[in-house]
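Colleague: Starting off with a structure, shown below.
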Amino acid sequence: MQACSVGILPPTAVTRPTPAALAFARSNLPTRRVASTAFAPPKSAFANLLNGAAARNPVKLNPTRLPWAAKAGSTFHAAMQASGAGPAPLARSSILASAQQLLNVPYVWGGTSATGLDCSAFVSQAWGISRHTTDSLSSVAQPIAKDELQAGDALNLTTGKDPGGDGHVRLFDRWANPEHTSMYVYEETPPRSVHHVIKWDPSYTPMRRNNVIDA
């Protein structure tokens with residue numbers, strides 16, 4: 001049996017790389033970028049305030065209370081309301097009953113409670129709507145003709161049509177004479193809300209609450 005000989009290459013002399021060559025080699029190595037907080041832009045005072053509040057009062061969510069955490073197989077339907085639907089239906093008799101209960105309440109400019117009301121707050125409460133002013137009642141009511149006035153309608157004078165710039169609104173009850181020149185109205189006026197007879201004033205625009213019911 002003949003022995004196998006293995007050829008070994010002779011060593012090759014390698015010259016030491018120069019500093020320039022080492023620098024060039026290092027420049028071609030992949031670079032790993034590490035974020036450094038030393039160069040991070042400073043946070044604003046408002047951001048620090050929010051972070052501090054979040055740390056002191058962490059928000060804890062209960063997944064069972066979330067609308068999308070419905071039981072398997074069930075469908076969640078969001079509440080929907082038609083655009084421009086207006087306030088809920090309300091009977092004329094209910095409007096007059098509310099106005100009657102609001103009699104003798106002291107007049108307070110900007111008042112919204114039983115301790116004091118102004119004219120638009122009085123009508124807003126009688127109509128069962130959120131607080132409106134003489135200039136915003138048109139968003140929940142429509143203008144009507146004088147001959148169409150019925151109990152529970154309003155007589156509105158906007159600030160733009162009021163020479164004094166204050167505006168005023170009254171609640172119509174009924175005509176006081178066949179000629180329709182006098183009428184019974186509910187109104188909040190200094191010193192307190194009243195139900196009385198006044199003369200027809202063409203400066204006021206007759207208005208009807210949306211979704212009022214003739215009952």
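The values are calculated or read from the model by the stated rules, or taken from the named source; none is laboratory data. Nothing here was measured: the structure is a model prediction, and the numbers come from that model. Neighbour counts are summed over all protein chains in view; Cβ atoms, including those assigned to glycine, are modelled from backbone coordinates with ideal geometry.
A quick yes/no check of all residues on (1) touching a Lys or Arg at 6+ places or on another chain (Cβ under 9 Å); (2) closer than 13 Å to Ile95 by Cβ; (3) among the charged types (D, E, K, R); (4) surrounded by 18 or more Cβ atoms within 10 Å (Cβ to Cβ):
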{"residue": "Trp175", "(1), (2), (3), (4)": "no, no, no, no"}
{"residue": "Glu179", "(1), (2), (3), (4)": "no, no, yes, no"}
{"residue": "Met183", "(1), (2), (3), (4)": "yes, no, no, yes"}
{"residue": "Ser193", "(1), (2), (3), (4)": "no, no, no, yes"}
{"residue": "Val197", "(1), (2), (3), (4)": "no, no, no, no"}
{"residue": "Tyr204", "(1), (2), (3), (4)": "yes, no, no, yes"}
{"residue": "Asn211", "(1), (2), (3), (4)": "no, yes, no, no"}
{"residue": "Asp214", "(1), (2), (3), (4)": "yes, yes, yes, no"}
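Colleague: To continue, here is another question. Being within 27 Å of Pro89 (Cα to Cα) and in a strand (DSSP E or B), is that true of even one residue in region 106-114?
Modeller: Yes, region 106-114 contains at least one residue that is within 27 Å of Pro89 (Cα to Cα) and in a strand (DSSP E or B).
Colleague: Tell me which residues, restricted to region 115-142, are assigned to a helix (DSSP H, G or I) and either of a type in the set (Phe, Trp, Tyr) or touching a helix residue (DSSP H, G or I) at 6+ places or on another chain (Cβ under 6 Å) (or both).
Modeller: Once the filter is applied, which keeps residues that are assigned to a helix (DSSP H, G or I) and either of a type in the set (Phe, Trp, Tyr) or touching a helix residue (DSSP H, G or I) at 6+ places or on another chain (Cβ under 6 Å) (or both), region 115-142 yields Phe122, Ala126, Trp127.
Colleague: Same structure again: Of the residues Thr133, Thr75, Thr158, which single one is modelled with pLDDT under 95 and under 29 Å from the mean Cα position of the chain (by Cα)? Spell out how you get there, then give the answer.
Modeller: Details: Thr133 fails: modelled with pLDDT under 95; Thr158 fails: modelled with pLDDT under 95.
Among Thr133, Thr75, Thr158, only Thr75 is modelled with pLDDT under 95 and under 29 Å from the mean Cα position of the chain (by Cα).
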